[in-house]
Amino acid sequence: MTSASDALQDVSPRSASGERPSARYDLAAGIGCYVLWGGLSILFMALAAHGARPGEILASRCLWSLPWAFAILLLTRAGREVLAIFGSPRTLAWLTASATLVSVNWAMFIWASTSGHKLDASLAYYINPLLNMGAGALLFRERISPAGTVAVALACIGVALQGLAVGHPPWLALALATTFWGYGVLRKQAPAGAQAGLFVECLMLAPLGLAYLAWIGLHGQGHLGAGLPATLLLLATGPATVIPLALFAHAARKLPLSTMGFLQFVMPTALFAIAMATGEPMTWLSAASFLFIWAGVGVFTVGAVRARIPRGQR
């Protein structure tokens, strides 16, 4: 995982205006990864329209991510890191846990995308960075700023209103946010680079995906090879999973943390727009919930930007 110091470090040459020549590409990578993550729900809905069930979509994602992760591993020349990982039982244990958790997150996101619960997924990824901040303060004794406290409080009100809107706690949104947060914590603990760690995770998940696809294929329930559109869509789950991760790894190294903190809200915004475009119902309580969440996001973003400005220049 990329550390804060790595993300803030900037060693690229700058132009006379103070902007790095590659700054546009770095920003495009940051925007692109979150747009692609948000757009994954469209791919999953298209697969569901062709008859693929969530289990088949998840298995395809696990299997077809592996060759793309391997290609990126070769491009980044991180093969030696993989050998080091397999020589460290502790690192393998961390990555086994992270692979398990991310597969659970994938499964829930696929189900949410294909069963009319994209608003729950949008809510999850709006509250995820605020959950990171609150959990960091509670579990790791990290300092939380006054703006952060307000942002977390607003998010809690939003989650409570969403619970009132649906008649029960928003379990799906909370589970998605919690598993994604947990995945980030586990990957932070694992002493493995982004590309090498991703490849090992995919290597662990691919056999499970292959076994499930083989089983449903033997029972005549698979869609791989059943038609060109469905086959291409299933194969597309591989690059659709790995490419955003590669873009994220690049952007996290090049862009300031405050910029990445702002860009991470692109994904749930895209999900929210897709949910509205596909006709998911929204009550006034649900709308009020999102208003509080967006207010928390606004406070969070302003606080992050202000923290990057020297006190004498505010």
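The values are calculated or read from the model by the stated rules, or taken from the named source; none is laboratory data. Because the structure is predicted, anything quoted here is derived from the model rather than measured. Please note: Cβ atoms are built from the backbone with ideal geometry, for glycine as well, and neighbour counts cover all protein chains shown.
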- Cβ pairs under 6 Å, 6+ apart, first in the stretch 230-259 and within 19 Å of Glu201 (Cβ to Cβ) and at pLDDT 80 or above, second buried (at least 20 other Cβ atoms within 10 Å of the Cβ) and among the charged types (D, E, K, R): Thr237/Arg61; Thr241/Arg61
- Residues of the stretch 187-200 satisfying the condition of being under 15 Å from the mean Cα position of the chain (by Cα) and within 16 Å of Thr100 (Cα to Cα): Arg187, Lys188, Leu198
- For Ala273, are the conditions met, namely being out of contact with any helix residue (DSSP H, G or I) (no Cβ under 7 Å at 6 or more places or on another chain) and surrounded by fewer than 19 Cβ atoms within 10 Å (Cβ to Cβ)? yes
- Query: Looking only at residues in the stretch 57-83 that are over 23 Å from Gly209 (Cα atoms) and surrounded by 15 or more Cβ atoms within 10 Å (Cβ to Cβ), which one is modelled with the highest pLDDT?
  - Reply: Glu81
